[in-house]
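Just so it is clear, none of the values below were taken in a lab; they were calculated from the coordinates. All values reported here derive from a predicted model rather than from experimental measurement. For neighbour counting, all protein chains shown are included, and Cβ atoms are generated from backbone atoms with ideal geometry for every residue, glycine included.
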Amino acid sequence: MNPFQAPTGTRDVLDPESARFSLLIERFSKRVQQAGYGLVISPMFEDPGVFNRSIGEDSEVVTKEMYEFEDKSGRRLALRPEGTASVVRAFVQHRPQIPWKAWYATPAFRYERPQAGRYRQHHQVGVEALGSDDPDLDVETIALLDGYLRDVGLRSLDLRINSMGDANCRPGYESVLAGFLETNADALCKEHQESWRKNPLRVLDCKRSECVDLRVMAPRFRDSLCDACTTHFDRVLLGLDALGIVYERDDFLVRGFDYYTRTTFEVASSVLDSAQNAVGGGGRYDGLTELLGGPATPGIGFASGIERVLLAGEAEGLFDGQESLIVVFVVDLTGGEQARDLTHLMREAGIASDRAFDDRSLKAQLRQADRSGATIALIVGADEVERDVITIKVLRGARAHHQEQTPREALIGRVKELLS
Ligand code: HAM
């Protein structure tokens, strides 16, 4: 066995999966940049306080999953378990003009029990929009997530949405919920029988069957929302209807972070295992900037897991027969100089090309050409060099098996013609 493996819960992403991985980021950036979002890049590690304060001191992510360490000067740091807290910290530090609309693509680190679709290092693309509490901004962000997942080609998706109220009405709901949990504490899962008092909302997020069963009878957020939150949420739902975005209201969608206020949403893929089927989620966090020392500034955002989207895409058969980037493969039977010069010529002309190394046999080079996915092989032997021509062999597509010789000076034009 090799002495070193990727650490438990992490993965190496190699081609062709990595090509799909970067394609997702490309699709995402295109979609959000055309809606006015600019890229933000912030450090992968922060003062742990950034996450403790935002996500919640007693949240599962902070207490059980955060990677914390001391650097060589004894400073405590934490690897980011998600993107929102760092982006909001950067907003508070730099105070860009509002509305500030930012997007990111980042690894996130959580010490979770690894399984398919759940990793200790996963990757997210996401957006954060700060500076407006307009419900149409909620609609905009949800539409971006929905649009991105459709751009990727996913079809089996369910969007759930809820309003968790605000500082005004949330405490009222929490006390009604606490009353309900007090009466029904015996029916809760083992962990929550002890801990529900610390934060009753966490029970709504619990995946264990006892809590899930009891939840059906629990009081609902919608019956405790204040007028302002109800008006806000009605306008969000109206906007989604207007854009033709299908959703389901889920009165118990709370998500695992303390920073959420009002709108929360999550998209699940029905082709994934239910324990790890969320392909994206987010919500409003109108009090978060203040928690991180900034002026009161409303905000909303979401993130989508790249690995989950890839898994869902595979399950939906989206990546079958995906084309290779390489279109020309140079087969050189004269020792390698021709391949060196012709691949350079092709690449300078904007034609993706590759070659074999180490002066391999014709058969081995043709096998490699086929594996590369190239449409065309350029073959050069002693005869071609002498007559200053190149043999072009079409490997796949409508003209497959076509073969001809072309003068070297006409090569680029002819290759482009055959590829068109
Ligand atoms: P989150 O729901 O924790 O939200 O993560 C976002 C997405 O990352 C999930 O929907 C899922 O696709 C993926 N994901 C999460 N954990 C893992 C894991 N262990 N392995 C693989 N994929 C995973 C957030 O992180 C919030 N910051 C989203 C947000 C942005 N809210 C407001 N703005």
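Overview of results
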quantity: Some residue of region 264-278 being more than 20 Å from the chain's Cα centre (by Cα) and assigned to a strand (DSSP E or B); calculated: no
quantity: Test: residue in region 90-108 that is in contact with a strand residue (DSSP E or B) (Cβ under 7 Å, 6 or more places away or on another chain) and near the ligand (Cβ under 9 Å from one of its atoms); calculated: yes
quantity: Residue in region 1-43 that is nearest to residue 310 (Cα to Cα), counting only those that are assigned to a loop (DSSP other than H, G, I, E, B) and in contact with a strand residue (DSSP E or B) (Cβ under 6 Å, 6 or more places away or on another chain); calculated: 10
quantity: Residue in region 124-140 that is nearest to residue 10 (Cα to Cα), counting only those that are crowded, with 19+ Cβ neighbours inside 10 Å, more than 8 Å from the ligand (Cβ to nearest atom) and not acidic (Asp, Glu); calculated: 125
